[in-house]
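> Please see the structure below; I have some questions.
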Amino acid sequence: MKKVLLMPKEEGRQSNQPAEKDWLTGLYDKKTIEHKVNEALKSKQSGIMFMIDVDNFRTINDRYGHIAGDRVLKGIASLLEKMTLHSDLLGRVGGDEFVIFIPISQGPDFIKSRCRQIEQRFCSLPPSRFAVRRISLTICGACGQPGDRYRDLFKRVNQCLSQEKAGRGKQKEIPGSDRLYVDRDRSRKSDIKQLDSELSEPGTIEGAYCQDYESFINIYRFMERRLRRNQTDIFSILITMTDSRGDFPALLERGRLMELLYQLIHRSLRSGDMFTRYSSCQFLLLVCDAAAGDAVSIAQRIQQKFYQNISTDGKYELCYDIYPLKPALVTGRHGSRDINKNTSQIIRTRENKRR
């Protein structure tokens with residue numbers, strides 16, 4: 001079997017990008033995002049559209065120049081790419097306007113939570129990230145309705161955006177929509193109950209916690225630090241999909257197969273576990289409070305379900321590698337040391353044959 005190289009998580013998105021790209025950001029352009037969203041609405045019969053608008057973008061161009069303005073747009077596009085899943089659609093539809101379409105059926109609570117996630121990601125960035133002193137965004141979302149096409153959904157979320165910009169703090173409800181204004185310099189007075197409401201995950205928690213790769217890295221490192229005090233077992237599992245020759249499957253098949261694998265992983269893990277897409281044909285899982293045997297059982301269960309759901313017998317293989325997390329190193333007067341000297345060696349399990 002040919003050696004499968006680990007590939008950057010962005011590889012999948014780049015490989016599947018069509019020729020109709022925005023010249024500056026590399027995202028879908030206005031025409032292509034409309035076509036893609038119409039296809040998704042026809043197939044899924046549901047979805048949520050978010051619109052992100054850069055406030056006072058003309059002022060940025062006037063004060064810092066158009067080169068700085070282009071850097072801001074490219075930086076926003078890059079960050080939004082890292083926050084979206086492979087099944088989401090992301091495009092630039094105007095000079096300073098971006099659209100995200102998520103092909104799922106959710107309510108206003110999800111929209112509000114997702115707007116807040118985007119807000120928090122941009123607010124946590126240092127001012128130097130965009131090479132301008134200040135940046136603010138307006139973020140809105142709207143639920144798809146039966147019979148919607150792209151222009152129907154776009155008109156609804158754009159109306160919400162226009163009202164938000166016109167009224168700012170005056171909240172006017174639009175059925176099936178929500179919005180949030182982002183201002184990096186705005187101070188807010190919040191008590192602990194309000195903070196808890198803002199930070200807590202809304203709705204009923206189902207399946208594993210899926211995160212973009214950048215967030216996954218931060219949580220992974222945080223868990224390594226926690227192992228310095230809490231002696232528990234945490235395992236990472238790398239799941240790789242290949243064809244029978246050991247190569248990544250053809251591009252035309254990857255989307256369907258990876259969507260299937262995503263759903264299987266989401267349902268097979270507990271709500272306290274986490275996973276992310278690592279590359280175009282790989283997922284990375286983090287399984288907490290589980291023994292080595294439990295981690296193997298989880299990987300085998302995903303593997304068996306995958307084989308049961310694909311029709312082409314023997315054409316595709318699923319293999320996995322399992323690694324135990326170790327406590328983060330502590331730096332002291334005598335240099336770095338592993339505080340848990342009894343930590344077992346890395347477990348490497350490679351399974352790729354049908355059972």
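> Ranked from highest to lowest mean number of other Cβ atoms within 10 Å per residue, what is the order of the peptides 209-221, 135-147?
The packing order, highest mean first, is 135-147, 209-221.
> Gap in Å between the Cα centre of region 19-63 and the Cα centre of region 305-325?
So the separation of the two Cα centres works out to 34 Å.
> Moving on. Taking H placed 1.01 Å from N in the peptide plane, check which residues at least 5 places from SER136 or on another chain put their amide H under 5 Å from its amide H.
Here the answer is ASP55, since their amide H atoms fall under 5 Å of that of SER136.
> What whole-number value in Å² describes the accessible area per residue of region 26-130 for a 1.4 Å probe?
On a per-residue basis, 45 Å².
> How big is D for region 36-82, in µm² s⁻¹ as a whole number, if Stokes-Einstein is applied with the Kirkwood radius of its Cα pairs at 4 °C and 1.567 mPa s?
My calculation gives 100 µm²/s for D.
> If one puts a single equal scatterer on every Cα of region 232-331 and applies the Debye formula without solvent, what log₁₀ I(q)/I(0) results at q = 0.13, 0.14, 0.17 Å⁻¹?
-0.46, -0.53, -0.74
> Then there's this: Would you mind estimating how fast region 202-273 diffuses translationally, via Stokes-Einstein at 37 °C and 0.692 mPa s with the Kirkwood radius over Cα pairs, in µm²/s?
Details: Rh = 14.8 Å.
The estimated diffusion coefficient comes to 222 µm²/s.
> Working from the pairwise distances between different alpha carbons, so that the mean of 1/r is found and then inverted, what is region 233-278's Kirkwood radius in Å?
It is 12.2 Å.
The values are calculated or read from the model by the stated rules, or taken from the named source; none is laboratory data. Bear in mind the structure is a predicted one, so any value in this text is a computation, not a measurement. Note that we place each Cβ from the backbone using ideal geometry, even for glycine, and neighbour counts take in every protein chain shown. Areas reflect the complete protein model, heavy atoms only, side chains present, ligands, DNA and RNA absent. Shrake-Rupley method; radii C 1.70, N 1.55, O 1.52, S 1.80 Å.
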